[in-house]
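Everything below concerns the one structure shown next.
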Amino acid sequence: MSFLQQHQLTRINNIIDNLNMEHDLSFPENSILDVAERLGISVKTVTFKEDIAGLLDYGTENQGSQIFISETDNEKKRNFTIAHEIGHLLLHEMNRGRLKIDRHDIQTLTKKSANEEEADYFAAELLVPQLKLKEIIFKARMPEWDLINYCSTYFNVSKSVIANRLKWLKF
Ligand SMILES: [Zn+2]
């Protein structure tokens, strides 16, 4: 996510602020499934034949958007994937009527496409809001490993998401 420029980050943060305000959402009090529901997106857990983490059907004017997630991933991982797909939907609207497939192997690449970086940043910002994370860091004063464990449970995302977030915030 560090490859994104400030104007891209600002755009994404504005979209998240509007989303939260418009739908009266806050994290981690609300879940990512609440977001999907309020946006009218259906989320289904499925068995993929290939190594796919998430599949987004952008939908059309007449047919709502759908997100399919892998049943082999745990809840924390699925939460991030759903948020990532909602990111694609809100940030990359030009793909209306198309399918977007996110594979597990792409998620581990160091050099991702700009759209993937943006969807990851969207998911991280939405699920682990900077302000709340900073508040915990300052109040808790715990060693990094305890902090990662605590925040992973608190925000219901994987430890690697929290670790990346801390790295990005330079803690
Ligand atoms: Zn993606």
Considering residues that are in contact with a Lys or Arg (Cβ under 8 Å, 6 or more places away or on another chain) and within 22 Å of ASN30 (Cβ to Cβ), the number found within the stretch 131-150 is 1
Qualifying residues in the stretch 74-118 (those that are modelled with pLDDT under 95 and among the hydroxyl-bearing types (Ser, Thr, Tyr)) - the one surrounded by the most Cβ atoms within 10 Å (Cβ to Cβ): SER113
Among (1) surrounded by fewer than 17 Cβ atoms within 10 Å (Cβ to Cβ); (2) over 25 Å from LYS112 (Cβ atoms); (3) modelled with pLDDT of 95 or more, there is one condition ARG11 misses while meeting the rest; what is its number? (2)
Out of everything in the stretch 1-35 that is part of a helix (DSSP H, G or I) and among the acidic types (Asp, Glu), what residue ends up being nearest to ILE86 (Cα to Cα)? ASP34
Does ALA119 count as under 25 Å from LEU33 (Cα atoms), within 16 Å of the ligand (Cβ to nearest atom) and without any contact (Cβ under 8 Å) to a residue 60 or more places away in the chain? yes
Near pairs, Cβ below 8 angstrom, 6+ apart or cross-chain, from the stretch 148-160 (charged (D, E, K, R)) to any residue that is modelled with pLDDT of 95 or more: LYS159/ILE148; LYS159/ASN149; LYS159/SER152
Counting only residues that are within 16 Å of the ligand (Cβ to nearest atom) and charged (D, E, K, R), which one in the stretch 27-66 is nearest to HIS88 (Cα to Cα)? ASP57
So which residues in the stretch 73-105 are within 15 Å of the chain's Cα centre (by Cα), of a type outside the set (Phe, Trp, Tyr), within 12 Å of the ligand (Cβ to nearest atom) and assigned to a helix (DSSP H, G or I), if there are any at all? THR81, ILE82, ALA83, HIS84, GLU85, ILE86, GLY87, HIS88, LEU89, LEU91, HIS104
How many residues of the stretch 49-98 are farther than 27 Å from SER160 by Cβ and aliphatic (A, V, I, L, M)? The answer is 1
Selection within the stretch 140-171 - modelled with pLDDT under 90 and of a type in the set (Lys, Arg): ARG141, LYS170
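Of these, ASP51, ASP17, which one is loosely packed, with under 15 Cβ neighbours inside 10 Å and closer than 27 Å to TYR154 by Cβ?
The conditions single out ASP17.
The values are calculated or read from the model by the stated rules, or taken from the named source; none is laboratory data. On a predicted model such as this, the values are computed, not experimentally measured, just so you know. Cβ: placed from backbone, ideal geometry, glycine included. Neighbour counts: every protein chain shown.
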